[in-house]
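The values are calculated or read from the model by the stated rules, or taken from the named source; none is laboratory data. Since we're looking at a predicted model, the values are computed, not measured. A quick note on method: Cβ atoms are made from the backbone with ideal geometry, for glycine too, and the neighbour counts reach across all protein chains shown. Ligands, DNA and RNA are stripped out before the accessible areas are found, and what is left, the full protein with its side chains, is counted by its heavy atoms. Shrake-Rupley method; radii C 1.70, N 1.55, O 1.52, S 1.80 Å.
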Amino acid sequence: MSGEVIARRTVVFDAGGARPPFVHQAIHDLESFLWVLVRICMSRKGPGISMGREKELDFNKPGFYDPALSHALVSYFDGTEDVLKESKTTLMQSPELFENNIVNNFHPYFEPFKPLVRQWWNIIILGY
């Protein structure tokens, strides 16, 4: 769910009561691919089978459970539509939260992707 699509759900209708049309642009594809990469970097330990971060997401595993990671995945990927809308709206309004809420939850295997993802995020913010 892109930031622009989220914002359009609360858009003011014109005088005739019509909603302005949504026009799909390249920035939407760029953002979509960013979120796919971010999801992989947050939820995986690397390539291959059995590389999920299940222990870090299971609150019954003391010493392994990572509440910040769990909260981020629910807030930006697995939550209800209202949770996703609120989380991504906040992120678009305060882009500096991206570092703490997203990048800091990457698995160490994906450390080399952090500079790319930061730059990509800044381009998306500029694009909107």
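For Ser32, the solvent-accessible surface computed with a 1.4 Å probe is close to 70 Å², ligands and nucleic acids excluded. Extension gain, Leu97-Lys55: 0.36 nm per intervening residue step, less the Cα-Cα distance, totals 12.6 nm. What the phi angles of segment 32-48 give under the Karplus curve with 6.51, -1.76 and 1.60, with θ = phi - 60°, is a coupling list of 4, 5, 4, 5, 5, 4, 4, 4, 5, 5, 8, 9, 10, 9, x, x, x Hz, glycine and proline written as x.
With all projection directions averaged, the alpha carbon convex hull of the chain covers 9.1 nm².
If you put +1 on each Lys and Arg Cβ and -1 on each Asp and Glu Cβ, how big is the dipole of the chain around its Cα centre, in Debye rounded to 20? Display every interim value, and only then the final one.
Details: 13 positive and 15 negative charges, 39 e Å.
Charge dipole, the chain, about its Cα centre: 180 debye, nearest 20.
Taking label positions 7 Å along the Cα-Cβ direction at both Thr89 and Arg44, the computed distance is 3.2 nm, reported to one decimal. Evaluated over segment 31-128, the count of Lys pairs having alpha-carbon atoms less than 25 Å apart is 7 (only pairs 8 or more residues apart or interchain). So for segment 16-59, what percent of the C-alpha to C-alpha distances run longer than 17 Å? Within segment 16-59, distances greater than 17 Å cover 56 percent of Cα pairs.
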